[in-house]
Amino acid sequence: MRRSLVAGNWKMHGTRQSVEALLAGLNQQDWPEQVDLMIAPPSLYIQQCRESLEGSQIRLAGQCCAYQAEFGALTGEISPAQLREAGCEYVIVGHSERRNLFDETDEVVCRKFAAALACGLRPVLCVGETRQQRDAGETAEVVGRQLQVVLESFGVGGLAQGVLAYEPVWAIGTGLTASPEQAQEVHAMIRARLAMLDDEQAQCVQIVYGGSVKADNAEALFAMPDIDGGLVGGASLNADEFGAIARAAGRA
Ligand code: PEP
């Protein structure tokens, strides 16, 4: 039986003051025990989050990491080892904003996945197609290609040590959520592909959906058999909304 994960990606939002208010709101929520919870704040605020969330079931994540596990001459980067020391348990890798705006290739994403695992972090590997690719009927091919490098290096067992996030690019930050059926179709396709390689491990992989998840669409998405929670961007900046999404996962 897979647990659900509800994860919040705060992206490049917040000030010390607004983070304090958001954390106060998060600390007032009634969290479902059976759901894994995680937030990925901007790195500068990880320590603030760690202190405020001490004793809470919310875990911390980096939004990205260097492809080198520990230390080195990589100006501006943060290593998985540093995230781990700061109290993170997860790190997002391969977010479409990193792929598209910072030219991260599948190979670079795979190196980051490897570096994260080497430091004991759970990488949250994001995959997903653009609108143009979906319209051209290329979703399975694109997602398959994004997964391939990691599968070749780590197998399904390696993937199961992390989390997979299906995030159609056209649904991120646009308000255009994939319908539960559209999302389930891709999640099931991914799991079937993994099962062809290793059925037992494939059933263990947490596959979360991301793309304009909100309190009012979360329940229907999470009710789908292969959707194991959500990676939430915009709505995670509102504590009550994020709390409601987590509780929807608790009812799934
Ligand atoms: C994201 O950035 O991963 C995301 C899913 O954003 P949003 O929920 O705002 O679409």
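Key figures for this structure:
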{"item": "Unique match (being aliphatic (A, V, I, L, M) and more than 18 Å from Leu197 (Cβ to Cβ)) among Val109, Val127, Val149", "result": "Val109"}
{"item": "Candidate set: segment 85-104, residues that are away from the ligand (no atom under 14 Å from the Cβ) and buried (at least 19 other Cβ atoms within 10 Å of the Cβ); chosen: the one farthest from Val149 (Cα to Cα)", "result": "Cys88"}
{"item": "Filter pass, Ala165 being assigned to a helix (DSSP H, G or I) and either on the phi > 0 side of the Ramachandran plot or touching a residue at least 24 places away in the same chain (Cβ under 8 Å) (or both)", "result": "no"}
{"item": "Which listed residue is more than 16 Å from the ligand (Cβ to nearest atom), among the small types (Gly, Ala, Ser), outside any helix (DSSP H, G or I) and buried (at least 22 other Cβ atoms within 10 Å of the Cβ), from Ala66, Ala61, Ala115", "result": "Ala66"}
{"item": "Count of residues meeting criterion [surrounded by fewer than 20 Cβ atoms within 10 Å (Cβ to Cβ), touching a strand residue (DSSP E or B) at 6+ places or on another chain (Cβ under 7 Å) and within 23 Å of Arg134 (Cβ to Cβ)] in segment 157-183", "result": "0"}
{"item": "Long-range neighbours under 6 Å by Cβ, at least six apart or interchain, first residue at pLDDT 95 or above within segment 219-242, second aromatic (Phe, Trp, Tyr)", "result": "Leu221/Tyr209; Ile227/Tyr209; Gly230/Tyr209; Ser236/Phe242"}
{"item": "Those residues of segment 171-184 which are more than 16 Å from the ligand (Cβ to nearest atom) and in contact with an Asp or Glu (Cβ under 9 Å, 6 or more places away or on another chain), in sequence order", "result": "Gln184"}
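The values are calculated or read from the model by the stated rules, or taken from the named source; none is laboratory data. Values in this document were obtained by computation on a predicted structure and should not be read as measured data. Because the Cβ atoms are built from the backbone with ideal geometry, glycine has one as well, and the counts that use them run over all protein chains shown.
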